[in-house]
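What follows draws every value from the coordinates through simple rules; no lab data is involved. These figures come from a predicted structure and were not determined experimentally. Please note: Cβ atoms are built from the backbone with ideal geometry, for glycine as well, and neighbour counts cover all protein chains shown.
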Amino acid sequence: MADQALPGVAAPADRAGAGVQPGVQRAAPYAYYALFVLLVTNIFNSIDRSVITIVAARLRADLHLTDAALGFLMGTAFAVFYGVVGLAMGRIADGVSRTRLMALGLAVWSGMTAAAGLATNYAGLATARMGVGIGEAVANPCSHSLISDYFPQRNRSTALGVYMLGVYLGGATSLIVGGQLLQHWGTLCTTLPFDACQLADWRSVFLVVGLPGIALAVILATLREPPRLTAPRTSRLLPFVVGEISAAVPPFTLINLHRAGGAAAVVRNLVMAAVLILAAFSLTALLGDPLQWAALALGAYSVITWAGVLRLRDRPLFNLTFGCPTFILTMSGGALLACLSGAMGSWGVPYVMRELHAGPAQAGLYLGLTSAVSASVSVLVGSYITDIWKRRDRRAPIWICLIALLAPIPAQLVMLRAQDLQTYVAAYAVFQFFIMLWSGAVGGLIQDLVLQRMRGTASAAFSLVLILVGSGMGPYWVGKISTMTGSLLTGLYSMLALVPVALIFFLLAARRLPGETLEARRARAVSAGEPA
C-alpha cells in the first residue's frame with residue numbers, strides 16, 4: 001500500500017541523497033544532518049516564543065501591566081495568530097518545498113522577536129508577539145513532515161523526540177541568556193562599539209535573541225527535500241497558497257465555504273460566528289480583558305471553519321483527523337496536558353522572582369539549566385520507551401501521556417509549597433522530567449493515525465489546537481486568577497482542575513486505539529474518496 005512506503009524504500013535512486021536510501025528501511029547520514037539543522041531551528045523557535053517569560057517582571061513594571069495582561073502577552077497574543085495562520089500551513093507544507101517554507105517562517109519570527117525590542121507601548125509589543133506566532137506557524141507542519149520522510153517508522157518517534165528537544169533547550173537558553181542580560185546589561189552595554197546604554201535591558205534581550213535567527217534561515221533553506229509520493233507543486237503555486245490561507249483567515253473563509261458547500265455552508269458558518277461573538281462579549285462583560293476573548297473567538301472560529309472547509313474539500317483527510325474520534329480525544333487530552341505544562345513554564349520564573357525573591361540571572365540560570373537537562377532527558381527517554389513499548393502494545397503512546405499527566409502532581413505540590421529556591425528547583429526537575437515524557441510519543445502517534453500525504457496537515461491540526469488551548473488559555477488563566485485573588489500561587493494551584501478531564505480523554509482514546517490499524521484507516525479514507 002502507498003502509505004506503507006517508508007522514506008526511501010520506493011524512492012528513485014537519484015533522490016537517495018535527500019536523506020534516505022532506496023530499498024533500505026533506515027535513514028542515510030544526510031538525514032541526521034537535516035535533523036540537526038531542524039533541531040537548531042526548533043531551539044530558535046522556542047527561544048523566541050518563551051523569552052518573554054524572563055522579562056515579564058520588567059514589562060509589568062515598565063508598562064504597568066496586570067498579571068492577566070501578562071498572561072495574554074505570554075500566551076494568547078502568540079498562540080491565536082499561530083493558530084489562525086498555521087491551520088493552512090499543514091496543507092501548504094504538503095504541497096510546496098517544506099525546507100524553504102520553514103526558512104521563510106524562521107526569518108519572519110526572528111525579525112518580529114527583534115521588533116518586540118523596539119516596541120514603545122503595550123499595543124506594539126502585542127503586535128510583535130502576534131507576528132512571532134504567524135512566523136512560527138510553519139515550523140511544526142514542515143519539520144514533522146520532513147522528519148517523517150527522512151526516518152522510517154521504526155525510529156520515527158525517537159527522531160521526533162530529538163527534534164522536540166529544541167523546545168526545552170531553547171526555553172532554557174532564553175532563560176539563561178535573558179537573565180544574564182537583564183542583570184548585567186548596565187555593564188555589558190558599555191563594552192559595545194556603539195552607545196547601547198540608553199536601551200532598556202528588556203529591549204536588549206529581544207534584540208539579542210531575535211537577530212541571529214535570520215542568518216540561520218539561509219542555512220535551513222539549503223536542506224534537500226526527501227522524496228514524497230506526491231511531488232511539490234511547481235505550477236499555480238501562488239493561487240494554491242492564497243487559497244489555503246483564505247480557507248482559515250476570515251472573512252475570506254466565506255468565499256471558500258461558498259465554493260465548497262454553497263449558501264447553506266455560509267449560513268451555518270455565520271450562525272457559528274455569531275455564537276462565538278456573543279460568547280466573547282459575554283465573557284468580556286463578566287471578566288473583562290476584551291483582547292483575550294476576541295482573540296480566542298477568532299482562533300476558535302478559524303479552527304472550526306477550517307475543519308468545515310476541509311470536510312468539504314478533502315473528505316478522506318477530514319475523516320482521519322477532525323472526523324476521527326481517536327484523533328479528537330488524543331488531541332483534547334494533549335491540549336489540556338499542554339495547558340498544564342505551559343502555565344507552569346510561563347509563570348515559573350515570575351513566580352520565583354516574586355515569591356522567593358530570586359534575581360533574574362539566578363532564576364534564569366537555575367530554572368533554565370534544570371529545564372534543559374530534565375526535560376531533554378525526559379523527551380529522549382519517553383520517545384525511546386514508546387518505540388519499544390509500542391511493539392507490544394499499540395496504546396503505548398497513550399500510557400506515556402497518562403504517566404506525564406499524573407506523575408508530576410506530587411512534585412508540583414512541593415514546588416508550590418517551597419519556601420526557598422533550592423527546594424523549588426529540585427521539585428521542578430522532577431516535575432519537568434515527568435510532564436515532558438509525552439512529546440515524542442504523541443507526535444509519532446498522530447503521524448501513525450493518517451496516511452503519508454496527510455502528515456503535514458495532521459501535525460498542523462494537532463499542534464495548533466495544542467498551542468491554541470495550551471498557550472492561549474494556560475498563561476492567561478493563571479494570570480487572571482492571580483489578578484482576581486491577588487495571589488499568583490492560587491492561580492497556579494487552579495490548573496490542577498484540568499487533570500481529571502484530561503485523564504478521561506486519554507482513557508477514551510486508549511480504548512479506541514487498538515482498532516486504528518493501517519487497513520482500517522485506509523479503508524475509511526478510500527470510502528471517503530481516497531484512491532485505492
query = Full extension from Ala523 to Val266: what is 0.36 nm times the residue separation minus their Cα-Cα distance, to one decimal in nm?
reply = 89.5 nm
remark   = Once Tyr33 and Leu406 are pulled to full extension, the length gained, defined as 0.36 nm per residue separation minus their Cα-Cα distance, is 130.7 nm
ask   = So for Leu340, Leu181, fewest C-beta neighbours within 10 Å to most, what's the order?
value = Leu340, Leu181
note = Kirkwood radius from Cα pairs of the chain plugged into Stokes-Einstein at 25 °C, 0.890 mPa s, gives D in µm²/s equal to 105 µm²/s
query = Mind checking the dipole of the chain: about its Cα centre, +1 per Lys or Arg Cβ, -1 per Asp or Glu Cβ, Debye to the nearest 20?
reply = 1360 debye
request  = With a/c under 1.5 counting as rounded, go ahead and sort segment 44-190 into rounded, prolate or oblate using the C-alpha gyration tensor (a ≥ b ≥ c being the square roots of the eigenvalues; past the cut-off, prolate if a/b is larger than b/c, else oblate).
outcome  = prolate
note = The simple spin-label model distance between Leu118 and Gln419, using points 7 Å out along Cα→Cβ, in nm, is 5.0 nm
ask   = Once the Cα atoms of helix 421-435 and of the chain are each reduced to a long axis, what angle between those two axes, in degrees from 0 to 90 to the nearest 10, is obtained?
value = 10 degrees
key: Unpaired by the 4.7 Å Cβ criterion, cysteines found in the chain   = Cys142, Cys324, Cys339, Cys401
Ranked packing of 274-283, 46-55, most packed first, by mean Cβ within 10 Å = 46-55, 274-283
Dipole of the chain, positive direction: furthest Cα of Ala411, Ala532, Ile435, with charges on the beta-carbon = Ala532
key: Inter-probe distance in nm under a simple model that places probes 7 Å from Cα toward Cβ, at Leu188 and Ala307   = 4.3 nm
remark   = FRET efficiency (Thr222, Ile255; Cβ distance; R0 30 Å; to 0.05) is 0.25
remark   = Only helices counted: for the chain, with every DSSP H run of 4 or more residues adding -39500 (n - 2.57) and the sum spread over all residues, [θ] at 222 nm is -24500 deg cm²/dmol
Cα lying deepest toward the dipole's positive end in the chain, options Gly111, Met164, Pro360, charges on Cβ = Met164
query = Given segment 247-313, what whole percent of its Cα pairs are spread farther than 15 Å?
reply = 50 percent
task = Run the numbers on segment 247-313 and let me know its relative contact order in percent, using alpha-carbon pairs under 8 Å that are six or more apart.
result = 46 percent
